[in-house]
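Q: Got a structure here, written out as structure tokens. Questions coming.
The values are calculated or read from the model by the stated rules, or taken from the named source; none is laboratory data. What you see is a predicted model; the values in this text were computed from it and never measured. Here the Cβ is made from the backbone with ideal geometry for all residues, glycine too, and neighbour counts use every protein chain on show.
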Amino acid sequence: MGSIMNSKRWRTSACSLAAALALILTGARGALAEEKLPNTVVQFTLVKLPAGKVTLKDKDGKDKEVEIKPVWIGQTEVTWDEYDIYWQAADLPEDQRGAVKSDKEKIRSRPSVPYSPPDRGWGHDHSPAGSMFCREAKVYCEWLSKMTGHKYRLPTEAEWEYACRAGGPAVKLPKAELKEVAWYADNAEDQTHPVAKKKPNAWGLYDTLGNVAEWVTMLDGSEAVAGGSFQDEAEDVHCAAREAYNNKKWQKNDPQSPQGRSWLSDGGFVGFRVVRED
């Protein structure tokens with residue numbers, strides 16, 4: 001009888017341990033959701049961020065603790081596969097696509113036709129979309145919301161940094177570790193690379209550091225890109241890295257007059273990922 005009881009206890013303990021381990025693994029990486037763009041073969045993955053708190057610096061350099069509600073965030077940066085459907089109006093019947101480029105009201109709902117290939121010859125499929133103004137990233141989120149029936153938007157600065165840190169402390173990774181998770185000046189060869197080729201962070205998010213810097217809404221409501229990019233040195237690629245729009249730098253070689261409002265002539269390092277609220 002004793003051996004039977006011990007066997008039952010062992011099986012119960014083993015089952016409890018397995019269940020606990022499953023919960024830990026689920027919590028470590030977070031739940032996943034797939035989103036498919038209607039009437040296309042394009043889809044992307046979202047990761048559920050758990051509720052929590054994050055402390056970051058405000059514009060005056062003071063610590064500010066921000067409460068984070070559970071939201072879904074893109075596992076990767078938005079890729080050209082996804083963004084092409086939007087800017088090329090590929091979601092519309094062919095006979096309606098022309099109106100997006102000619103009708104004044106509809107023009108404002110999509111990016112203008114770029115004066116040069118927006119991927120800059122760096123690679124297209126599965127590579128992060130780049131060179132867009134923050135306005136276009138926001139309009140893309142509005143379009144995506146209408147397409148899917150879910151509410152999409154850009155991450156807040158706090159949500160983005162919370163996700164980047166995977167709930168941990170603010171740290172700068174040494175080069176040996178950074179090269180494992182990020183494309184930056186030392187290994188990127190001055191261009192973007194396909195998403196999810198480096199190791200993910202502890203919550204299963206790829207390329208939060210490097211590749212393209214990502215648009216976020218700052219604590220004060222302004223806009224900036226976060227995380228550093230492929231062109232930044234190691235010391236500038238970290239979860240607290242921010243860079244605000246710089247017309248002289250990001251639009252230096254725009255040949256248009258007035259300058260364009262859809263594409264950044266010198267902003268190939270600028271991209272974004274999305275947040276879904278529901």
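Q: Could you look through the stretch 124-172, keep only residues that are among the basic types (K, R) and in contact (Cβ under 8 Å) with a residue 12 or more places away in the chain, and pick out the one that is farthest from V41 (Cα to Cα)?
A: Let us first name the residues in the stretch 124-172 that are among the basic types (K, R), namely 135, 138, 146, 151, 153, 165, 172.
So of that shortlist, the ones also in contact (Cβ under 8 Å) with a residue 12 or more places away in the chain come out as 135, 138, 151, 153, 165, 172.
Numbers: R135: 26, K138: 23, K151: 21, R153: 22, R165: 32, K172: 38 Å.
So the residue we want is K172.
Q: Now a separate question. In the stretch 173-184, what residues are assigned to a loop (DSSP other than H, G, I, E, B) and out of contact with any strand residue (DSSP E or B) (no Cβ under 9 Å at 6 or more places or on another chain)? Before you say what the answer is, go through the steps one by one.
A: So in the stretch 173-184, the residues assigned to a loop (DSSP other than H, G, I, E, B) come out as 173-174, 182, 184.
Those that are assigned to a loop (DSSP other than H, G, I, E, B) and out of contact with any strand residue (DSSP E or B) (no Cβ under 9 Å at 6 or more places or on another chain): L173, P174.
Q: Out of S229, S222, S145, I need the residue that is of a type in the set (S, T, Y) and more than 29 Å from D60 (Cα to Cα). Which one? Walk me through it before giving the result.
A: Numbers: S229 fails: more than 29 Å from D60 (Cα to Cα); S222 fails: more than 29 Å from D60 (Cα to Cα).
Residue meeting the stated conditions: S145.
Q: Of the numbered conditions (1) exposed (fewer than 13 other Cβ atoms within 10 Å of the Cβ); (2) more than 30 Å from E235 (Cα to Cα), V100 satisfies every one except a single condition; which is it?
A: Tallying (1) exposed (fewer than 13 other Cβ atoms within 10 Å of the Cβ); (2) more than 30 Å from E235 (Cα to Cα), V100 fails exactly one: (1).
Q: Any residue in the stretch 52-78 that is in a loop (DSSP other than H, G, I, E, B) sitting within a Cβ distance under 7 Å of a residue that is of a type in the set (V, I, T)? List the pairs, counting only those 6 or more apart or interchain.
A: If the second residue must be of a type in the set (V, I, T), the pairs left are Q75/T45; Q75/V47; T76/V195; E77/V195; E77/V212; V78/V274.
Q: Give just the number: which of (1) surrounded by fewer than 16 Cβ atoms within 10 Å (Cβ to Cβ); (2) over 20 Å from M132 (Cβ atoms); (3) modelled with pLDDT of 95 or more does D190 not satisfy?
A: Of the numbered conditions (1) surrounded by fewer than 16 Cβ atoms within 10 Å (Cβ to Cβ); (2) over 20 Å from M132 (Cβ atoms); (3) modelled with pLDDT of 95 or more, the odd one out for D190 is (2).
Q: Next question. So which residues in the stretch 114-172 are charged (D, E, K, R), over 29 Å from A90 (Cα atoms) and part of a helix (DSSP H, G or I), if there are any at all? It would help to see each step written out before you state the result.
A: In the first step, residues of the stretch 114-172 are kept if they are charged (D, E, K, R); the result is 119-120, 125, 135-136, 138, 142, 146, 151, 153, 157, 159, 161, 165, 172.
Narrowing the set further to residues that are over 29 Å from A90 (Cα atoms) leaves 157, 159, 161, 165, 172.
Result: E157, E159, E161, R165.
Q: Still on this structure, I have one more. Do we have G167 as in contact with a strand residue (DSSP E or B) (Cβ under 6 Å, 6 or more places away or on another chain), farther than 17 Å from G260 by Cβ and assigned by TED's automatic domain parsing to the domain that holds A213 here?
A: On the way: in contact with a strand residue (DSSP E or B) (Cβ under 6 Å, 6 or more places away or on another chain): yes; farther than 17 Å from G260 by Cβ: yes; assigned by TED's automatic domain parsing to the domain that holds A213: yes.
In short, yes.
Q: While we're looking at this one, here's another question. Name the one entry in S131, S145, S127 that is crowded, with 16+ Cβ neighbours inside 10 Å and at positive phi.
A: On the way: S145 fails: at positive phi; S127 fails: at positive phi.
Just a single option satisfies the conditions, and that option is S131.
Q: Identify the residue in the stretch 246-267 that is of a type in the set (G, A, S) and modelled with pLDDT under 90 and, among all such residues, is nearest to the chain's Cα centre (by Cα). Walk me through it before giving the result.
A: So in the stretch 246-267, the residues of a type in the set (G, A, S) come out as 257, 260, 262, 265, 267.
Subset that is modelled with pLDDT under 90: 257, 260.
On the way: S257: 31, G260: 24 Å.
Result: G260.
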